[in-house]
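The values are calculated or read from the model by the stated rules, or taken from the named source; none is laboratory data. Keep in mind that what you see is a predicted model, and the values were worked out from it rather than measured. All Cβ positions, glycine included, derive from the backbone under ideal geometry; neighbour counts span all protein chains shown.
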Amino acid sequence: MYQSFVYIEVRIQLPAVGEIFTTDKNSGKIAIHPDALKKTVMLSKALGCRIPPLADIERFVGSRKVSTDEENDSCCSIKMAEDGFMKLSFHSRKKSIKIEQIRIEKPNHGSFPIIRILTAPSFELGEEVQIFLEELRRLSQYLHLWEENAADSAIKCNAYVALALYPEKGTNFVKLRNLNSFNFARKAVNEELNRQENMLSCGEKVQCESRIWNEHKGCTEFFQGQDKESVFEKLTPPQTFSIEKALAFLPTNIDVELPEDRRLRFKKQYGVSRLRAEFLCDYKDRADFFEKVVALGAKPLNTAHWIASELTRLLNKKNVSVSASKISEESFAFIIKKLDSGEMHSAAAKTLIRAAFETGTSPEKLIKSLNISEIGTEKELLPYVKKVIEENPSLCKTLKNGEMPPLEFLTGLVMKDTKGKAVPQVVKSLIKKELNISVIYVITTGGAISAVQHADGTVSSGDSSGIKEMVKRLAPEMPIQVISAGQYFSEELEPANWAELISEVASKINAGTANGIVITHGTYTLSYTSALLFWLFSDSGVPIVLTASSSIPAEGTEASDNLKLALETAEKEKGGVFVAFGGKILSPLNLHFDKPGSFCNWNLENPIFTESGPIASQFSGISDLDKQVISRLITEASGKMFMFRLYPGFRSDLFKNLIAYTKVHSVFIELYGLGSGNMKNSDFSLKPLLLLGNQKEVRFYCTSQQKISLDFSNLLTSHDVWREGVVPMGYLTTESAVSLYFACAICADNSAEFDELMENYASIYSA
């Protein structure tokens with residue numbers, strides 16, 4: 001087993017300040033420009049460093065010794081702090097990166113001060129290096145080391161990489177020079193680790209040398225021979241700098257909320273998801289904009305959604321930050337408040353946001369100039385609604401009986417009377433309110449719960465008629481409408497069937513007439529469907545209850561008992577996704593079919609029924625997709641993934657062609673125990689498959705075969721799996737993880753967004 005040792009040397013270029021170091025004519029003492037000193041100290045404090053009272057003034061001489069004659073050509077350097085740390089988390093594994101020292105320097109040429117940060121060899125993967133650099137970028141912004149978002153390009157680093165057999169320590173470090181992008185740093189470190197592993201596996205010795213990253217070839221290349229870390233030499237004669245005296249009259253207290261603290265506060269104060277809080281706080285001006293809009297009266301969740309969707313899309317298109325854009329917090333708040341109150345629909349909001357973004361004009365003026373004024377208050381719309389209801393008694397009667405098509409027609413009549421200025425959502429709400437409409441929908445898909453037995457003893461999945469008869473018998477007084485979304489056994493489930501079901505559920509939620517939704521399903525794939533609906537609709541505000549039966553109705557009361565429990569749950573609950581089976585209410589997540597007549601929830605101390613996560617809240621556009629589009633998305637996703645279970649004698653070569661010659665993007669693996677597998681260099685190892693997948697940018701998502709949560713931090717075999725970049729899905733079962741994959745495929749706009757959603761949910765469910 002190999003261990004990786006990686007440390008980095010980061011250079012942060014500060015804004016020009018004229019002379020960074022000045023020498024007093026009388027005393028000959030060197031002083032540091034106050035602004036550069038203040039910023040260096042504040043960053044040191046943010047990283048938990050110890051700041052000594054005195055420090056030697058040195059010269060940076062690179063990786064070689066220099067003569068006295070050359071000293072004047074070398075830059076000045078002072079070690080300002082040491083023994084700090086940064087906490088980071090990657091793939092559900094938390095760790096602390098030690099900061100060895102922080103220096104302030106004047107380069108050989110120019111007036112830009114440089115903060116140099118040297119870490120200990122605490123990194124193991126390129127991804128950790130990237131996360132560290134990104135958090136350093138956030139700290140630089142929050143501490144105003146640079147104005148606005150300039151710190152992105154002001155941070156560069158060298159990485160030092162070594163690999164050694166366990167339990168040896170890495171000694172022969174290879175220097176990766178001038179990594180000027182966080183993405184390049186990740187790629188270069190990982191590729192260098194792979195290069196060194198291949199060399200060591202072949203009995204070769206890794207030489208201490210300098211290498212550079214070639215992005216076009218996707219590899220590191222030789223730059224020069226023997227090259228050690230940076231060398232610093234004391235001045236001749238030696239001179240010290242009194243940090244304590246310099247700071248005596250210089251305010252260096254951190255008076256700004258740092259990124260991690262702000263993320264935690266956003267979750268608690270505003271109720272946003274972990275992913276949303278991380279997104280909002282990624283840039284300080286974005287977080288400031290959000291809080292100012294909310295302070296003006298806009299609802300936090302809606303504000304976060306529109307910042308993350310429409311506003312970010314416009315910012316990315318123009319390649320500007322929110323602080324540099326023309327749209328003001330007041331304008332954005334005005335639009336969001338109109339949405340919050342139902343006085344404006346989303347299409348009008350998008351038009352106003354785009355116009356305010358391009359022109360900086362207030363929405364009040366834009367509403368008039370663009371002729372998009374609306375009639376949105378209940379007081380304004382009620383006379384129109386009452387008129388339409390009075391003129392269409394037969395349609396209203398049909399609507400009250402649970403038949404929903406008339407709702408769209410009546411809404412259209414109101415829209416016609418108001419010349420298109422009414423808000424459709426408000427119109428629908430008023431119609432339902434006036435007619436007192438509240439329906440429980442029962443959506444049937446087949447399965448044993450509706451199956452019929454034929455004369456020859458065979459059993460086939462029945463249509464919705466059997467469910468209708470049971471419903472009438474079980475709840476004669478309850479307003480219920482039975483709808484068919486297919487007729488099949490659950491083992492026959494295909495993408496088109498899921499698309500039909502999702503489309504039906506979405507349409508009933510969006511119609512606003514559903515008091516609850518019950519879904520009858522087969523048992524064999526119930527664990528997949530229930531989890532998928534959880535990821536998509538758990539925060540919809542409508543209770544969704546799935547039920548099934550392990551026996552057909554003719555064989556006993558199991559089918560009717562489960563359906564009765566589902567109906568009662570749908571009527572009682574206010575929202576969430578539930579599974580009613582065997583007299584119990586179970587979570588749709590981690591649902592496990594133990595035996596006929598018995599389901600349980602793996603790894604859940606408490607059942608989870610609701611989740612205000614980013615899939616449901618951030619990507620509500622699923623309502624705009626028809627079933628053909630959803631079917632296509634699921635079908636495409638199914639062609640880009642596969643899953644398997646590790647077993648003794650597993651052969652990587654049986655699966656390598658799937659990765660090498662197909663469009664596979666995601667692989668789900670059931671590992672042993674806490675998350676381990678054979679990682680030897682052999683044909684029976686998982687390792688060759690992971691290495692090939694990494695080359696093809698395939699993502700590996702891992703679950704356990706046991707009732708246990710994955711933990712890659714203990715066993716060496718587990719650690720080696722983690723080092724190859726697999727994503728542990730925490731305590732999620734394979735069924736819940738795969739269903740999350742399909743939910744992300746439906747909701748994400750691109751592969752990067754998909755990867756981010758999967759990774760963040762994996763993190764959420766690893767706690």
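Of note:
So that you can scan it fast, the table gives a plain yes or no per residue for (1) exposed (fewer than 15 other Cβ atoms within 10 Å of the Cβ); (2) assigned to a loop (DSSP other than H, G, I, E, B); (3) out of contact with any Pro (no Cβ under 7 Å at 6 or more places or on another chain); (4) modelled with pLDDT of 90 or more:
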residue	(1), (2), (3), (4)
Phe249	yes, yes, yes, no
Gln269	yes, no, yes, yes
Arg286	no, no, yes, yes
Leu301	no, no, yes, no
Ala308	no, no, yes, no
Leu314	no, no, yes, yes
Ile336	no, no, yes, yes
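- Given (1) surrounded by fewer than 20 Cβ atoms within 10 Å (Cβ to Cβ); (2) of a type in the set (Phe, Trp, Tyr); (3) within 26 Å of the chain's Cα centre (by Cα), index of the condition Tyr524 fails: (3)
- Annotation: Asp653 fulfils all but one of (1) under 25 Å from the mean Cα position of the chain (by Cα); (2) surrounded by fewer than 18 Cβ atoms within 10 Å (Cβ to Cβ); (3) acidic (Asp, Glu); the unmet one is (1).
- Among residues that are among the aromatic types (Phe, Trp, Tyr) and modelled with pLDDT under 85, Phe712 is included.
- Filter pass, Ser718 being surrounded by 17 or more Cβ atoms within 10 Å (Cβ to Cβ), more than 20 Å from Leu163 (Cα to Cα) and out of contact with any helix residue (DSSP H, G or I) (no Cβ under 7 Å at 6 or more places or on another chain): no
Residue-by-condition table, conditions (1) crowded, with 20+ Cβ neighbours inside 10 Å; (2) within 28 Å of the chain's Cα centre (by Cα); (3) of a type outside the set (A, V, I, L, M, F, W, C):
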site	(1), (2), (3)
Ala531	yes, yes, no
Pro553	yes, no, yes
Thr557	no, no, yes
Glu571	no, no, yes
Gly576	yes, yes, yes
Leu589	yes, yes, no
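- When Arg186 is tested against (1) outside any helix (DSSP H, G or I); (2) in contact with a helix residue (DSSP H, G or I) (Cβ under 9 Å, 6 or more places away or on another chain), just one condition goes unmet, and that condition is (1).
- Among the residues of the range 339-354, those identified as over 17 Å from Ala304 (Cβ atoms) and assigned to a helix (DSSP H, G or I) are Ala347, Ala348, Thr351, Leu352, Arg354.
- Residues in the range 416-472 that are in the same structural domain as Glu568 (by TED's automatic domain parsing), of a type in the set (Gly, Ala, Ser), crowded, with 18+ Cβ neighbours inside 10 Å and assigned to a strand (DSSP E or B): Gly446 alone.
- From Ser736, Ser718, Ser713, Ser751, residue being farther than 23 Å from Thr523 by Cα and within 21 Å of the chain's Cα centre (by Cα): Ser751
- Condition check for Phe21: of a type in the set (Phe, Trp, Tyr), in the same structural domain as Gly225 (by TED's automatic domain parsing), surrounded by fewer than 21 Cβ atoms within 10 Å (Cβ to Cβ) and at pLDDT 85 or above: yes
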